[in-house]
Every structure is written in structure tokens, then in C-alpha cells.
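Rule-based calculations on the coordinates, nothing more; no lab input. None of the values given here were measured: they were computed from a predicted structure. Every residue, glycine as well, gets a Cβ built from its backbone with ideal geometry; the counts of neighbours run over all protein chains shown.
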Amino acid sequence: MKSERHKNVNVLSWEVATLQLPPEALAEVLKAVESNNLMGLHKAYYDEKIADGTQWVLWIRQGEREKSVYFNNSFPREITAFAEQMDAILSRAGLDKVVWQPVPERESRQHERELWDSIER
């Protein structure tokens, strides 16, 4: 999700891109999932003292297996460490060369629906 300021208003929009990971990078991702025990995380993490802020959804799918975790202003060490590792993996895999495309506004709700549905299962 992208946030841009237009005429003193924050405008939110979705963008998508594709990056094909080479086998060694995919192995690094799997190792990061395992070493940070992401499959053992709780379903959700909240900081009730913050009314607004930052939300993340971790959604992992491999075959029929799936894990989804919602983070609402509460980010345990496991997810922040994983995020740093993913940033490095994606950077080495060529993230800087990815071309981002806007999701048409008429499709934006459907685009995010699958993500939000994942935390309800």
C-alpha cells in the first residue's frame, strides 16, 4: 500500500510488482521463516494503548499450508528480525530493478480482500 500527500490529504493506493527469486534466495527465505519461528507466532499482536499507527500482516502460503498473523502496533522480535532479513534478501535479488504498477482503483478493494481474509481463517 502506498500513501501520497495530495492537497493536504493522504491518498492511499495499492501497487504490485513481481520478483522471481532464484533458488538460493528462496532457501534463504525458508531459513529466515524457520530461524525466526514464524510458524509458531500467535494469530495476532496488539498494542491497545495506540489508537492508530502501523499494521502489518504476515501471510505465508506453501501448498495447502498457510499461516497468517496480524500485527497492530505490536511487533515482536521474531517479525522485525524476519523483516530485516527479507529486506536484505530482496535487495540482493534485485528489488531495486522491479517495476511497480498501480492497481486500478476499481480493483483495489478486491486486491486487499484476500490479504484481510487470510487473518480471519
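Only one entry of Arg106, Arg65, Arg77, Arg121 meets the criterion of being more than 29 Å from Pro23 (Cα to Cα) and without any contact (Cβ under 8 Å) to a residue 40 or more places away in the chain, and that entry is Arg106.
Before we move on, is Asn37 in contact (Cβ under 8 Å) with a residue 40 or more places away in the chain and on the phi > 0 side of the Ramachandran plot?
yes
Residues in segment 40-58 that are free of Cβ contacts under 8 Å to residues at least 60 places away in the same chain and within 25 Å of Glu114 (Cα to Cα): 13 in all.
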